[in-house]
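The values are calculated or read from the model by the stated rules, or taken from the named source; none is laboratory data. Owing to the predicted nature of the structure, the values given are computational and were not obtained by experimental measurement. We place every Cβ from the backbone using ideal geometry, glycine too, and count neighbours over all the protein chains shown.
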Amino acid sequence: MPYVNVQITKGATREQKALIVKDVTDSLVRVLGKKPEHTHVVIQEIEEQDWGYAGLLTDDWKKQTQA
């Protein structure tokens, strides 16, 4: 029973999340021969202020790169 945990910053639409779940499931079926009904995909959305990137919190990094 595959279990996949996908962590992203908040902001994805329901439709985007559905595509992620479908693509991850399809990949496990194609590559490993897993059954889709046994595949679990969990999407965790994390606030940008709770995610670090390049030594900065992601919201600060975005502000810096947009300036």
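Odds and ends about this structure:
- Looking across region 1-10 at every residue that is over 27 Å from Lys62 (Cα atoms) and surrounded by 12 or more Cβ atoms within 10 Å (Cβ to Cβ), the one that is nearest to the chain's Cα centre (by Cα) is identified as Val4.
- Scan of region 21-60 for residues that are of a type in the set (A, V, I, L, M, F, W, C) and under 19 Å from Met1 (Cβ atoms), ordered by number: Val21, Val24, Leu28, Val29, Val31, Leu32, Val41, Val42, Ile43
- Taking the criterion of being over 20 Å from Asp50 (Cβ atoms) and in contact (Cβ under 8 Å) with a residue 24 or more places away in the chain, the residues of region 1-29 that qualify are Met1, Pro2, Tyr3, Val4, Leu28.
- Flag for Gln44 being on the phi < 0 side of the Ramachandran plot and modelled with pLDDT under 95: no
- One residue stands out among those in region 11-67 that are part of a loop (DSSP other than H, G, I, E, B) and of a type in the set (D, E, K, R): the one that is surrounded by the most Cβ atoms within 10 Å (Cβ to Cβ), which is Lys34.
- Neighbours by Cβ (under 6 Å, 6+ apart or cross-chain): first from region 30-55, farther than 21 Å from Lys10 by Cβ; second in a helix (DSSP H, G or I) and among the hydrophobic types (A, V, I, L, M, F, W, C): Lys34/Leu28; Pro36/Val29; Thr39/Leu28
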